Amino acid sequence: MEAVIIVFYIAAVTAVSLLPTWLIGVWGKSRRKRLGRDARRLLLSHVPVSVQSTRDFPADIDTTAGMTLVEGSCVISPDAWQGFLAAFPSVLGGSIESYAEGWRVAREVAVGRMTAEASRLGYNHVVNVRIQQVNLNHHDTSKGKGAFAVLVYGTACRTRSS
Amino acid sequence: MESGVNPSGQAVALNERGRAVIIVNTETVPGYRVVRVFGVVEGNTVRAKHIGRDILAGLKNIVGGEISDYTELLTDARRTAVERMISSAQAMGANAVLNVRLATSTVAGGAAELMAYGTAVVLEPEHQGAGWGGPT
């Protein structure tokens with residue numbers, strides 16, 4: 001009988017202490033969704049820019065239009081609930097889907113910013129795109145903890161077809 | 001399209017960002033050939049936000065989402081690093097930097113180092129009337 005009470009007590013305490021974290025997680029998820037939606041809206045707000053990671057210029061490139069380096073970046077941080085979920089695969093192995101989602105959104109945003117800049121300058125093609133991901137975490141201090149940055153850059157040019 | 005004008009209609013004698021140098025991360029520039037190679041040029045900068053911003057970013061770490069202060073920091077740092085790379089290329093007499101790479105590292109919490117490097121070269125239009133009237 002006592003054992004049942006103790007187990008019940010432990011379960012109740014765990015549930016209550018995790019509740020705020022879970023609520024933050026729900027809020028964080030909706031914020032990430034909004035960020036993704038904003039990224040897609042950004043992509044739709046300008047003339048489509050084709051993006052390729054190969055270094056070859058398109059065959060119908062307009063050499064009179066010039067070319068330049070364009071960049072976009074996004075720094076994103078996982079929320080407390082994601083951190084909690086990540087603790088399980090860290091011990092047992094497996095993929096940490098909660099983190100993967102954040103990275104994906106950050107990349108979408110960064111690419112969107114890069115193509116928006118290319119489009120603003122009048123280009124419709126970005127070649128040789130490089131995606132770089134940096135962990136802003138530092139082992140000595142807690143400053144910048146958990147934040148990761150996505151940096152996207154490429155060469156903007158223009159094709160004759162459009 | 002007139003030669004010497006970029007798609008936005010700005011003159012490119014100074015190019016679209018007020019740079020007199022072509023900056024690309026590809027190895028070639030169509031319509032141009034490399035006539036002289038100066039070697040690697042680089043520019044770097046280390047940036048940090050003040051402590052208040054760091055504390056706010058720490059709170060963001062609990063609720064998640066984009067940390068726009070750090071995004072801004074990264075954007076500024078990148079711009080500065082590229083500008084420094086360009087000025088050292090110009091000091092050599094180059095009119096283009098090819099194969100530009102950006103490298104980032106965290107030197108301390110909340111501070112980011114950004115380094116831009118590439119190969120400074122002199123480009124020349126392949127034939128008369130080719131190119132975009134770009135670097136002079």
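At the interface with another protein chain (Cβ under 10 Å from one of its Cβ atoms), under 26 Å from B:ALA103 (Cα atoms) and in contact with a Lys or Arg (Cβ under 8 Å, 6 or more places away or on another chain): is that true of A:VAL105 in this structure? Yes; evaluated as a whole, the condition is true for this residue. Of the residues that make up segment B:98-116, is at least one part of a helix (DSSP H, G or I), more than 7 Å from chain A (Cβ to nearest Cβ) and surrounded by fewer than 20 Cβ atoms within 10 Å (Cβ to Cβ)? No, because not a single residue in segment B:98-116 is part of a helix (DSSP H, G or I), more than 7 Å from chain A (Cβ to nearest Cβ) and surrounded by fewer than 20 Cβ atoms within 10 Å (Cβ to Cβ). Looking only at residues in segment A:75-84 that are part of a helix (DSSP H, G or I) and touching a residue at least 60 places away in the same chain (Cβ under 8 Å), the one that is surrounded by the fewest Cβ atoms within 10 Å (Cβ to Cβ) is A:PHE84.
Using the structure shown, decide if A:GLU117 is touching a residue at least 24 places away in the same chain (Cβ under 8 Å), open to solvent by less than 50 Å² (accessible area, probe 1.4 Å), charged (D, E, K, R) and within 12 Å of chain B (Cβ to nearest Cβ). For A:GLU117, the condition - touching a residue at least 24 places away in the same chain (Cβ under 8 Å), open to solvent by less than 50 Å² (accessible area, probe 1.4 Å), charged (D, E, K, R) and within 12 Å of chain B (Cβ to nearest Cβ) - is met.
Suppose we filter A:GLY72, A:GLY93, A:GLY112, A:GLY122 for residues that are at pLDDT below 85 and either open to solvent by less than 70 Å² (accessible area, probe 1.4 Å) or in contact with a helix residue (DSSP H, G or I) (Cβ under 7 Å, 6 or more places away or on another chain) (or both); which single one remains? After ruling out the rest, the residue left standing is A:GLY93. For segment A:34-69, residues that are surrounded by fewer than 22 Cβ atoms within 10 Å (Cβ to Cβ), over 18 Å from the mean Cα position of the chain (by Cα) and of a type in the set (Asp, Glu) total 2.
The values are calculated or read from the model by the stated rules, or taken from the named source; none is laboratory data. What you see is a predicted model, and the numbers here were worked out from it, not measured in a lab. Glycine gets a Cβ as well: all are built from the backbone with ideal geometry, and neighbour counts include every protein chain shown. Note: areas computed on protein heavy atoms with side chains; ligands, DNA, RNA excluded. Shrake-Rupley method; radii C 1.70, N 1.55, O 1.52, S 1.80 Å.
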